[in-house]
1. Which log10 I(q)/I(0) values, to two decimals, does the stretch 40-133 give at q = 0.12, 0.15 Å⁻¹ under the Debye formula with one point per Cα?
2. How about the stretch 118-169: which trypsin sites (Lys or Arg not before Pro) there lie in a loop by DSSP and see at most 14 other Cβ atoms within 10 Å?
3. Would you kindly state how much longer the chain becomes between Ala137 and Leu162 on full extension, computed as 0.36 nm times their sequence separation minus their alpha carbon distance, in nm to one decimal?
4. Counting heavy atoms of the protein chains only and a 1.4 Å probe, report the per residue accessible area for the chain as a whole number of Å².
5. Assuming 0.36 nm per residue, please report the length gained on full extension of the stretch Val55 to Ile181 beyond their Cα-Cα distance.
6. Give the Rg (one decimal place) followed by the Dmax (whole number) of the stretch 1-64, computed from C-alpha coordinates and expressed in Å.
7. Please report, to one decimal in angstroms, the Kirkwood hydrodynamic radius of the chain built from all distinct Cα-Cα pairs.
8. Over the stretch 93-165, what portion of Cα pair distances is larger than 20 Å, expressed as a whole percent?
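The values are calculated or read from the model by the stated rules, or taken from the named source; none is laboratory data. Since the model is a prediction, treat every value here as computed from it, not as a measurement. Cβ: placed from backbone, ideal geometry, glycine included. Neighbour counts: every protein chain shown. These accessible areas exclude ligands, DNA and RNA; they are computed on the full protein's heavy atoms, side chains included. Shrake-Rupley method; radii C 1.70, N 1.55, O 1.52, S 1.80 Å.
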Amino acid sequence: HYPPLFPLLIAAVSACGVAPQQAAQGINILLLAGSILLAGGVTYRAGGGSAGAAVVAGAMLLASPTTFRLHAEAVTEPLFVFLTLASLGALAEYLDRRRWALLACAAALAGLAWMARYVGVALVATGAIALLLRPGAPLRRRLAEAVGFAAAAAAPMAGWVLRNRLLAGTATHRPIAFHPIP
């Protein structure tokens, strides 16, 4: 019914003898620290190397009551936010440096974000569109980058959906339905 990444992380930590509730708490504490560092790092990079802007960005995330509430619950948002920030940061680096390893990293992180929350498909689409619209490269190259990014990012979810379909007869246990406004 839910995407698998967060429950799999909890199960992996629990396999080491940690209670599931403590595993979720520990994961979310690490994700909070990671998200603060990523927000600061992305801001530092986008702000032309401004350490002050990076500190302010990290402090704003740290001071947010919503951030603390989400990281205090066993929900998938902290993992999704962390993976989204990491993917967008890697994609921005790729757009500057044009190293295939950065593009592969961005796609892998986007795929993991999708495995954390189904809405992660929007991150995959955003990355592909950003690659298509970037100036300075021939259309064929931009198209190849966008398709490669989307295919690599979609691979983990495609595998998960196929697994579900084979084992349970349904891809996500979420029926497609039209719900008109009453």
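1. -0.42, -0.66
2. none
3. Once the chain is fully extended between Ala137 and Leu162, it gains 5.5 nm.
4. That works out to 58 Å² per residue.
5. 40.9 nm
6. Rg and Dmax of the stretch 1-64, Cα atoms, are 15.5, 45 Å.
7. After inverting the pairwise mean of 1/r, the radius is 17.9 Å.
8. Every Cα pair in the stretch 93-165 considered, those over 20 Å come to 28 percent.
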